[in-house]
1. Roughly what angle does helix A:157-190 make with the longest principal axis of chain A, taking Cα atoms, 0 to 90 degrees, to the nearest 10?
2. If you average the alpha carbon positions of segment B:191-227 and of segment A:140-193, how far apart do those two centres end up, in angstrom?
3. Along the Cα→Cβ direction, 7 angstrom out, place labels at B:Ser101 and A:Phe395. What is the inter-label distance in nm?
4. Determine the calculated [θ] at 222 nm for chain B from helices alone, applying -39500 (n - 2.57) to every DSSP H run no shorter than 4 residues and normalising by the residue count; nearest 500 deg cm²/dmol.
5. Expressed as a fraction of 2.2 N^0.38 Å, the rule-of-thumb size for a compact globular protein of N residues, what is the C-alpha radius of gyration of chain A?
6. What do you get for the angle between helix A:367-388 and the principal long axis of chain A? Use alpha-carbon atoms, 0 to 90 degrees, nearest ten.
7. Based on the alpha-carbon gyration tensor of segment A:33-85 and its eigenvalue square roots a ≥ b ≥ c, which shape applies: rounded if a/c is under 1.5, prolate if not and a/b is larger than b/c, or oblate?
8. For chain A, what's the relative contact order in percent, using C-alpha pairs closer than 8 Å and at least 6 residues apart?
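Where a number appears in this text, it was derived from the coordinates with a stated rule and is not lab data. What you see is a predicted model; the values in this text were computed from it and never measured. Backbone-built Cβ (ideal geometry, glycine too); neighbour counts: all protein chains shown.
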Amino acid sequence: MTGEITNIGAFQGYVFPNEANPHPLWSVLIVIYPYITGLVAGAFIMASLVRVFKVQALEPVYRVSMLTALAFLLCAPLPLLCHLGHPERCYEIMMTPHLTSPMAVFGFVYAWYLMAVLLLELWFDYRQDLVKWAKITPGFTGILYRMLTLGVTDLSEQSVALDMKMCRILSVVGIPSAFLLHGYVGFIFGSIKANPWWGNVLMPIMFILSAIVSGIALCVFNYMVLNWIRRKTVDMRCLDTMALFLFYALVVDAAIEGLDYLHRGYAAEEGYSVIQLMIREKLFYTLYFVQIGVGTLLPLLLLGSLQLLRQRVPEAVRRCMIFCGGVMILIGVLAMRWNVVMGGQFFSKSLRGVMSYKMEFTGQEGWLIGAVILCLPFIILTVLVKLFLSEQLQFSEHVSQSSSTT
Amino acid sequence: MKTLFSRRSALLRLAGAVAGVLTVSVARTAKAAVQKLFVSTSAPNDYDPTKHKWLMCIDTTKCIGCGLCAEACKRENGVPEGPYYRTWIERYIIPKPEPGSDQTRGEPLVDSPNGGMHGFPEPPLPKDQIELSFFAPKLCNLCENPPCVQVCPTYCIGCAFCVQACPYGVRFLNPVTHTAEKCTLCYHRITRGLKPACVEICPAEARIFGDLKNLSADDPIQKFYENNRVQVLKPHLGTKPRVLYAGLDKGVS
C-alpha cells in the first residue's frame, strides 16, 4: 500500500515522506547525552546530602561523588557535539543564542554548572589539602597541586573556615543548579508538542528524578569498585545509607513514571493508539523488561527488602545486593533514556505508522562512538582519583570537625 | 617567577585562540556580504518583507495527484534525491465498511510513494470497495506561531531540533549541506513577482498563492475564501498555520 516507501526501511502504515529515512535524526548519542547529564546531576545531589543536609554517614563518599560529577560533566557536551551537522559552528550557540530555544540555554547552564558550581566547590573543598600536598609531593604532580591552589596558600583557621562556608553555600546553590541542568534536558523533550510521546509536563520532573536515582547508583558503583580495586573494606554505614537514599529516590521516581504511564492510558488522547503500537513493536523489551523490570521493580524489591531486613542480612550479602541494585538501576535508567529518545522517533507524526531504523556500528552516530563516550568519563575519573583521592595522600579532617561544630 | 611567565604565555595563547575564532566569524560575515553582492540567491535589494504576507490555499477537490508540483519543487530548489521533500502529495483512500460492521466507513489507506512525485499506482482496492478518495498536497504550513522557530538555538548547526519540533513533518536535514531545510514558498521567485514553482506548474489550479497585504478585488485568494469553508492542519496545537485547505476530510493531519 505504501508503495516504494516500504522498500527504504521497515515502515508500517503511513509515515511522512521526510520521515522515511533509514537513519534516525537523533540516535545513540542523544540517548547518552541525557544519561550522562543525569548522572552528573544525581552524583552532585548525592554529594550535597553530605554538605547541605549533613548526612554524616555519607562523608566517605563525598569526594568520590564530586569527582564523578566532574568527570561526567566534562564529557556531557561531547555526544551533542558529535551529533551536530556542523560541530564547527557550535560556538554560535553561545555567541548568538536564540533565547526561546531550550537548546540555546544549554551552553549557559552548562558553563554555570561547571564553572560556578562544581569547579568552585571542589576548589574550596580541596584548597587546604592542595596546599599541604604541594609541599610534600615532588615532581609534576606537586607543581600541579601548587598551580591548583591558584596561589592562595593561607592555611589559617579563619581561611579554612571561609573555605568550608563557601563550600556549603555553593552546595546550596548547586542543588537548584543540578535540577536546572537536568530539568532543562527533560524540557528539551517535554516541550515538543508535536510529539505525543515527548510533549509532557512531567518530562522534566521524570528526568530529574531518574537522574537522582542513576546518580546515587553510580556513586554506589564507583565507591564499591574503588574500594574493591584498593582491596579496602567498604564502610557499611555509608553504603547502607546510600542504599536507603537510593531506595527512597527510586520509590518517588517509579511513582511519578507510573503516574505518567497511567495518565497516558487513561486520557488516551490523539496518538495513543500509535504509541501503543510503537511500544508493542519497538520498545517491548527495552521498556517492559529492562526499564520497568530490571531497572525498577527488581531494584525496588532488592533495596526494599534490605530496608526491612537489614539487621538479619549478613554484610557480604548486603554488599552484593546493593551493588546489584545499583548496577541494575544504571542499566534501567539508560534504557529509560533510550525509550524516551528513540520512542519519540519510532512513530510518524502523521500518527499513522511506525518506523524502524538501521543503527550504525561505526560512523558519526554509531554504537562505537557512543560506547567510547560512555567509557570516557570513567577514564577521566580514574585520572582524577589517582590525583585527588590517592592512597598516599593524607586528607584533612576539617570537614567533620566543622560540621560537628555547627 | 617562572609560573608568571608561563601564565602570561598561556593567556596570550588563549587570547590568540579567541581572536582566531572571532576573526573566522568576521571573515565569514564579510564573505557572505561579498557573495550577496554578486550572487543573488535570496530577495532583491528593493524587496521589503514587511509589506507582504504570503499564504497558500489548497483546494483538495481539484488536486488530481499528478505529482508535477512535487517534481517541480525538487528541481527548482535543488532538493536532493531520496526521502527529502519540501512539498509532497498524499493519497487518501477510504474504503467502504465491511459488510455487517457497524462502521460508516473503513480505516483510511494513506500513501505517498516518492512524495507522489511520479503520480500514484493503481489503488490497492477494487473500485467498488472504495467509498471516497482524494489527494492532499502538503508543504510548510507557514505557522504564525511556529514551533520550529521557537526551538531553534542559533544559526543552523544541524542539530535537527526544528525537524523534531515541526508537527507536520515538513522539515528535513539536507544530506549535502547538513543543515535544516523546508519550503520557502520559492522565496527567490516570489520576491521577484513570480509564483512558487509548485503553483506555477499545477495543471488543476489546486494551489492558490497570494499576498494578504496586497489583495486585489478579483484575487483568487479572495474567491477561495468566498467559495470555501477552510480548514488548517492540526489546529489543536495552536500553531496557526497560514496554509488553508478546502475539502479536507477528518483523517488528514
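1. 0
2. If you average the Cα positions of each part, the centres end up 60 Å apart.
3. Spacing of the two 7 Å Cα→Cβ label points: 6.7 nm.
4. Working: 7 runs with 74 residues, N = 253.
When only DSSP H runs of four or more count, the value is -8500 deg cm²/dmol.
5. 1.06
6. On a 0 to 90 degree scale, this one is about 10.
7. Prolate shape, in that a/c is at least 1.5 and a/b is the bigger ratio.
8. On the way: 524 pairs, mean separation 118.4, N = 406.
Over chain A, the number comes to 29 percent.
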